[in-house]
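Q: There's a structure below that I have some questions on.
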Amino acid sequence: MAEVIRMPLLSDTMKEGVIAAWHKNVGDAVKADDVIAEVETDKATMEVVPYVEGTLLYIGPQKGEAAKVNEVIAVVGKKGEDYKSLLEKEGGDAPAPKAEAQSGEDSGKGKEEKKAPEEQTEAAEEKPEEKAAAPKKDDAALKAAMKEVTVVRMPLLSDTMKEGKIVSWLKNEGDQVSSDDVLAEVETDKATMEVVGYADGTLLHIGVKAGEAAKVNDIIAIVGKKGTDIQPILDAESSQGGGNEDAGKAEGSGAEDAGKKAAEETATPAAAQKSAAPAAAPAAGKDTDGRMKASPLARKLAEEKNIDLSQVQGTGDGGRIIKRDVDQFTPGAASAQQGAPAAAAPVASGQEGHTDIPLSQMRRTIARRLGESKFNAPHFYLTIEVNMDNAIAARKAMNEVSPVKISFNDMTIKAAAMALRQHPYVNSSWMGDFIRQNKHIHIGSAVAVEEGLIVPVIRFADQLGLSQIAATAQALYEKVRNKKLQPEDYSGNTFTISNLGMMGIEEFTAIINPPDSCILAVGAIKETVVADKGVFKTANIMKLTMSCDHRVVDGAVGARFLQTLKVYLENPVTMLV
């Protein structure tokens, strides 16, 4: 069934977007991850991805034209599929189909019904007049409702987002809301962001409860005139495959319930074990619930020998009674054992268990994106050693006059940006049918957070001084900690740096962060013995490993880039020229 593509909400202040370019034409086949258009917002120019496969059937606003948030900008479906009814239901987003075309379609449907097998019963048949009247009535009710309300859908809050989880609702059904009120907070794969309704009225409907997920473009709320009948809108959404909303709810709540249940099941035995520790151990051969633990063969032998298993001391796993215990049992010895406490056999009493942790939106996207990168992009790795003695001295001197503290990571970002200026092939992206060589240099700096990993971007890093890079990076890291990153803060990277040196990791390999062609893994600075003109001395060595996409960057190209980077880091004064 055809799917409508809407103008996404690409920033918290965006009310409309201008189509900067269409990358697909009507009739072109599109994949779920194809970029079909570029949209210019109030903050940046970003890409629009359909997240569905099929043929591009319809384009609404042309290049240079604007569309409001949530307006239909395109339709994707099967080739030749009728999509005009979808546009009609949107209340005039596009010209309605001609009456002749509609009647032609109805007559075509009638012919198909006549050709159908005669197995249909009379009860299943309806009069043509009744069939025609019902859709007209529904369409009229839908159009009337759409005039009175604004439908709030799950916005596309990042270029990789496929669904969002409602963290909390700041308004309840029945509340009066203004166009600039924040209705809800949504957790995406990158950050927690606010959803604004951009409409005045009453909050008539909440479609997704707090803690549940909804796919991009699913209805999450409806705002409008109090008393408006919104059922036709919900029915129309359901008939278009809007059941994704329910599926998202079920998936989100099911995952959470499963995680809570698993955590409770794991915690219960642990708690029981802890509380039972000071108490006396259970009777020999018995479980904590009083059930006798014995092998089937031991039970059979005990029955044949008229031995009471409760008097037998088990030596198997967890005190389980086995054949050997029954064979070696003597009633006199048992009585003696009962009279005086026997030394218990050293048996491990650990409790097996596990916890199933539901995937957050961020972890789900990390798994998908890096999995695609690792298995689609042919990685190869280059490692180089850098003498950081001069860099250490230069950093100390600069921090005495710099308004912000400059880190070794800031110096690496600056050096990489200047090296990229000389080696543009490393600052490129694989686009499938062509290689895009970026003229701007935006450095992504990977940051670990509790939920996973996020990459804030230092834009035009080659044009910034070291203190400016340090200030920009610190501001972005603060936004990461407070979950206040906006889409423009973590999108548009052309090269990425991942630093684990502060954790004592000497060297590692990183997975390329799409759409980049390379990622630089930075290790710790370690004092190492080196030979210098026949004399052994110590030097502060840092290892850099670059992962390269061989579709774009060849070995010699990557090696020359690392040589240039090494020169900048070993002679920091060259970065100031």
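The values are calculated or read from the model by the stated rules, or taken from the named source; none is laboratory data. Note that this is a predicted model, so its numbers are computed, not measured. For neighbour counting, all protein chains shown are included, and Cβ atoms are generated from backbone atoms with ideal geometry for every residue, glycine included. Heavy atoms of the whole protein, side chains included, go into the accessibility calculation; ligands, DNA and RNA do not. Shrake-Rupley method; radii C 1.70, N 1.55, O 1.52, S 1.80 Å.
Q: Counting just the residues of segment 16-47 that are out of contact with any strand residue (DSSP E or B) (no Cβ under 7 Å at 6 or more places or on another chain) and among the acidic types (Asp, Glu), which one comes out modelled with the highest pLDDT?
A: So the residue we want is 34.
Q: Is there any pair with a first residue in segment 373-389 that is modelled with pLDDT of 95 or more and a second that is of a type in the set (A, V, I, L, M, F, W, C) and open to solvent by 50 Å² or more (accessible area, probe 1.4 Å) whose Cβ atoms are under 6 Å apart and which are 6 or more apart or on different chains, and what are they?
A: Within 6 Å, the pairs are 388/525.
Q: Could you please find all residues in segment 71-82 being within 27 Å of residue 41 (Cβ to Cβ) and surrounded by fewer than 18 Cβ atoms within 10 Å (Cβ to Cβ)?
A: Selection gives 71 alone.
Q: If residue 66 meets every condition in (1) small (Gly, Ala, Ser); (2) at pLDDT 85 or above; (3) at positive phi apart from one, which number is that one?
A: (3)
Q: Can you tell me which residue is modelled with the lowest pLDDT among those in segment 279-290 that are surrounded by 10 or more Cβ atoms within 10 Å (Cβ to Cβ) and in a loop (DSSP other than H, G, I, E, B)?
A: Looking at the filtered set, the residue picked out is 281.
Q: Among residues belonging to segment 226-240 that are touching a helix residue (DSSP H, G or I) at 6+ places or on another chain (Cβ under 6 Å) and not in a loop (DSSP other than H, G, I, E, B), point out the one that is modelled with the lowest pLDDT.
A: 236
Q: Out of all the residues in segment 438-470, which are closer than 19 Å to residue 514 by Cα, part of a loop (DSSP other than H, G, I, E, B) and either among the acidic types (Asp, Glu) or in contact with a strand residue (DSSP E or B) (Cβ under 9 Å, 6 or more places away or on another chain) (or both)?
A: 438, 441, 442, 446, 455, 456, 459
Table: residues versus (1) open to solvent by less than 90 Å² (accessible area, probe 1.4 Å); (2) not β-branched (Val, Ile, Thr).
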position: 363; (1), (2): no, yes
position: 368; (1), (2): yes, yes
position: 383; (1), (2): yes, no
position: 387; (1), (2): yes, yes
position: 392; (1), (2): yes, no
position: 397; (1), (2): yes, yes
position: 413; (1), (2): yes, no
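Q: Just checking, does segment 168-179 include any residue being under 30 Å from residue 371 (Cα atoms) and modelled with pLDDT of 85 or more?
A: No, every residue in segment 168-179 fails to be under 30 Å from residue 371 (Cα atoms) and modelled with pLDDT of 85 or more.
Q: Filter segment 398-422 for residues that are modelled with pLDDT of 95 or more and of a type in the set (Gly, Ala, Ser); which is nearest to residue 554 (Cα to Cα)?
A: Filtering segment 398-422 for residues that are modelled with pLDDT of 95 or more and of a type in the set (Gly, Ala, Ser), the one nearest to residue 554 (Cα to Cα) comes out as 419.
Q: Among the residues of segment 200-213, are any part of a loop (DSSP other than H, G, I, E, B), of a type in the set (Asp, Glu) and more than 18 Å from residue 156 (Cβ to Cβ)?
A: yes
Q: Which of the residues belonging to segment 1-32 are in a loop (DSSP other than H, G, I, E, B), among the acidic types (Asp, Glu) and over 25 Å from the mean Cα position of the chain (by Cα)?
A: Of everything in segment 1-32, just one residue is in a loop (DSSP other than H, G, I, E, B), among the acidic types (Asp, Glu) and over 25 Å from the mean Cα position of the chain (by Cα), namely 28.
Q: Out of segment 39-88, which residues are touching a Leu at 6+ places or on another chain (Cβ under 9 Å) and part of a strand (DSSP E or B)?
A: Across segment 39-88, the qualifying residues are 39, 46, 48, 58, 72, 74, 75, 76, 77.
Q: Of the conditions (1) open to solvent by less than 20 Å² (accessible area, probe 1.4 Å); (2) at pLDDT below 95, residue 458 satisfies every one except a single condition; which number is it?
A: Of (1) open to solvent by less than 20 Å² (accessible area, probe 1.4 Å); (2) at pLDDT below 95, only one is false for residue 458: (2).
Q: Another question, then. Could you list all residues from segment 542-562 that are under 22 Å from residue 388 (Cα atoms) and open to solvent by less than 20 Å² (accessible area, probe 1.4 Å)?
A: 542, 544, 545, 546, 547, 558, 561, 562
Q: Sticking with this one: Please give the number of the condition residue 426 fails out of (1) in a helix (DSSP H, G or I); (2) open to solvent by 40 Å² or more (accessible area, probe 1.4 Å); (3) under 22 Å from residue 376 (Cβ atoms).
A: Unmet condition: (2).
Q: I've got another one for you. Scan segment 484-494 and give yes if some residue there is basic (Lys, Arg), open to solvent by 20 Å² or more (accessible area, probe 1.4 Å) and closer than 21 Å to residue 414 by Cβ, otherwise no.
A: For segment 484-494, residues basic (Lys, Arg), open to solvent by 20 Å² or more (accessible area, probe 1.4 Å) and closer than 21 Å to residue 414 by Cβ: absent.
Q: Same structure, new question: Which one of these is touching a residue at least 12 places away in the same chain (Cβ under 8 Å) and either surrounded by fewer than 22 Cβ atoms within 10 Å (Cβ to Cβ) or out of contact with any strand residue (DSSP E or B) (no Cβ under 9 Å at 6 or more places or on another chain) (or both): 531, 539, 473?
A: The unique qualifying residue is 539.
Q: I've got another one for you. Residues being closer than 12 Å to residue 385 by Cβ and either at pLDDT below 95 or surrounded by fewer than 14 Cβ atoms within 10 Å (Cβ to Cβ) (or both): count how many of those fall in segment 515-527.
A: So the answer is 0.
Q: With the condition kept exactly as written, say whether any residue in segment 416-423 is surrounded by fewer than 22 Cβ atoms within 10 Å (Cβ to Cβ) and within 29 Å of the chain's Cα centre (by Cα).
A: no
Q: Among the residues of segment 504-513, is there at least one that is hydrophobic (A, V, I, L, M, F, W, C), free of Cβ contacts under 8 Å to residues at least 24 places away in the same chain and exposed (fewer than 14 other Cβ atoms within 10 Å of the Cβ)?
A: no
Q: While we're here: Does segment 189-199 contain any residue that is at pLDDT 90 or above and surrounded by 22 or more Cβ atoms within 10 Å (Cβ to Cβ)?
A: No, every residue in segment 189-199 fails to be at pLDDT 90 or above and surrounded by 22 or more Cβ atoms within 10 Å (Cβ to Cβ).
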